[in-house]
Amino acid sequence: MKAEIIATGTELLLGQTVNTNARFLSEKLAQMGIDVYWHTVVGDNAVRLEAALRLALSRSDIIITSGGLGPTMDDLTKETVAKVLQLPLEVNAEWERQLINMFASRGSKMTQNNYKQALLPRGAKLITNDYGTAPGIWLEHRDKIIVLLPGPPRELEPMFIEKIMPLLPSSGSSLVSRTLKVVGLGESSVEDKLAEIIAAQTNPTIAPLAKLGEVHLRLTAKARSKTECQELLDETEAKLTARLGNAIYARDEQTMGSVVAELLSKNKLSLALAESCTGGYLAHTLTNIPGSSSFFSAGLVTYSNEAKSKLLGIPLQFIEEHDAVSAEVGRAMASQVREVAESDLGLGITGIAGPTGGTADKPVGLVYIALATPTTVTCQRFNFFGKRENIKERAVMSALNMLRLYLIQLG
């Protein structure tokens, strides 16, 4: 069955509100094996909404709307659906009484415009709203299913899960997605390495998605059951892992930080950080993870040369000789913070985040990341691009990946 989602609200078109409802509904429908072919966003305009509804009815089996069911003049969804389907609006006496009681319990009188929330197109089923005053509506018209949902996610989400999903027809199949996360390779490089597999693969499908500092591979399998879908996904993941190796660092909701945290805990190793251009971003990322106290020793933001000297014990003469943004200072930061914090591992980051401060020899985006272990101190040079915050984010991601690859070698 083909489904279409129509979100209403001028605030969505203006960018004042993010359309999270479409993402949520698409995800839940996919879990049921129902294909969503179109997303439409329409402002609070009856003419344009009517056109969108007529188009949806011409090409989709299930139409789900969000928003426009409230009491104000710009809430037009129910009235427009009734007009398109040529159905009169009728009062649902039970919901009208419930609305009156709801307002009375709050110590206020229900205004006249709220009565419109008790109107339903003839033949529609009212879907009670446990978290608001606008009920949902289930309507079967000829061979179409039309579902009208309130706009606020706190109302829409429980209503859909608890009351709409049980009513939707079974597709006879399941659709399951899995996301593999790749680091250290750009989107074009990933696609080049996987071109053969992607071209030959029809189920599951493989879609590369570029993200900041990483690439996501979305795998989507369709089969008679979720178990069969998972088996298909496992087979495809094995093929991709064989091709990309350790460049795949996580799947689905896992983050680079959580992967590194798990590896540090598994190996019972402690970590200390000395950050310059990232300004504590790496420490923030790791300490956001519950249980980080088991591996995180200390984090120092040694932004100035004086701080590097006083807090880490790196001689000012050494910093001036090699420059603060250098492999030598990066290595010194990593080894010194490891020593100061008496930790197993130390990471040092120094660079130029911009937008100013770069030179021809050392441009904005130049970052040195060093890792000190009980036996070695290694340093890598990176040239990142983008805005200041992007450079900091890329530096943090690269530092975590550097640490991850070291920890993987430990077994």
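The values are calculated or read from the model by the stated rules, or taken from the named source; none is laboratory data. As the structure is a prediction and not an experimental result, all values here were calculated from the model. Using ideal geometry, Cβ is built from the backbone for each residue, glycine included, and neighbour counts are taken over all protein chains shown.
Brief remarks follow.
- Any hit, region 195-210, residues being under 14 Å from residue 239 (Cα atoms), assigned to a strand (DSSP E or B) and hydroxyl-bearing (Ser, Thr, Tyr): yes
- When region 176-194 is filtered for residues that are farther than 20 Å from residue 233 by Cα and surrounded by fewer than 18 Cβ atoms within 10 Å (Cβ to Cβ), the ones remaining, listed by number, are 185, 186, 187, 188, 189, 192.
- Every residue from region 381-411 that is closer than 17 Å to residue 282 by Cα and of a type in the set (D, E, K, R): 388, 389, 392, 393, 394, 404
Residue-by-condition table, conditions (1) in contact with a strand residue (DSSP E or B) (Cβ under 8 Å, 6 or more places away or on another chain); (2) modelled with pLDDT under 95:
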{"site": "25", "(1), (2)": "yes, no"}
{"site": "45", "(1), (2)": "no, no"}
{"site": "61", "(1), (2)": "yes, no"}
{"site": "81", "(1), (2)": "yes, no"}
{"site": "98", "(1), (2)": "no, yes"}
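- Residue check for residue 369: under 33 Å from the mean Cα position of the chain (by Cα), within 22 Å of residue 215 (Cβ to Cβ) and buried (at least 17 other Cβ atoms within 10 Å of the Cβ): yes
- Within region 211-230, if we keep just the residues that are in a strand (DSSP E or B) and in contact with a Gly (Cβ under 8 Å, 6 or more places away or on another chain), the residue that is farthest from residue 251 (Cα to Cα) turns out to be 222.
- Where strands (runs of 3 or more DSSP E) fall wholly inside region 237-350, the ranges with 3 or more residues that are free of Cβ contacts under 8 Å to residues at least 60 places away in the same chain are 296-301.
- With a requirement of 1 or more residues that are over 30 Å from residue 253 (Cβ atoms) and outside the structural domain of residue 219 (by TED's automatic domain parsing), the strands (runs of 3 or more DSSP E) lying completely within region 72-184 that satisfy it span 89-91, 119-121, 125-127, 136-141, 144-149.
- Of the residues making up region 1-13, those that are farther than 27 Å from residue 229 by Cβ and part of a strand (DSSP E or B) are 6, 7, 8.
- Test: residue in region 286-293 that is assigned by TED's automatic domain parsing to the domain that holds residue 386 and either of a type in the set (A, V, I, L, M) or within 30 Å of residue 188 (Cβ to Cβ) (or both): yes
- The residues in region 186-203 that are in contact (Cβ under 8 Å) with a residue 40 or more places away in the chain and touching a helix residue (DSSP H, G or I) at 6+ places or on another chain (Cβ under 7 Å) can be counted, and the count is 3.
Residue by residue, here is whether (1) buried (at least 16 other Cβ atoms within 10 Å of the Cβ); (2) touching a residue at least 24 places away in the same chain (Cβ under 8 Å); (3) over 18 Å from residue 167 (Cβ atoms) holds:
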site	(1), (2), (3)
74	no, yes, yes
90	no, yes, yes
99	yes, yes, yes
111	no, yes, yes
117	yes, yes, yes
123	no, yes, no
134	yes, yes, yes
149	yes, yes, no
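- Output for region 14-31, where each listed residue is buried (at least 17 other Cβ atoms within 10 Å of the Cβ) and outside any helix (DSSP H, G or I): 19
Conditions tested, residue by residue: (1) closer than 19 Å to residue 314 by Cα; (2) at pLDDT 95 or above; (3) basic (Lys, Arg); (4) touching a Gly at 6+ places or on another chain (Cβ under 8 Å).
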site	(1), (2), (3), (4)
357	no, no, no, no
365	no, yes, no, yes
368	yes, yes, no, yes
372	yes, yes, no, yes
379	yes, yes, no, yes
385	no, no, no, yes
388	no, yes, yes, yes
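- Conditions (1) farther than 20 Å from residue 181 by Cβ; (2) without any contact (Cβ under 8 Å) to a residue 60 or more places away in the chain; number of the one not met by residue 391: (2)
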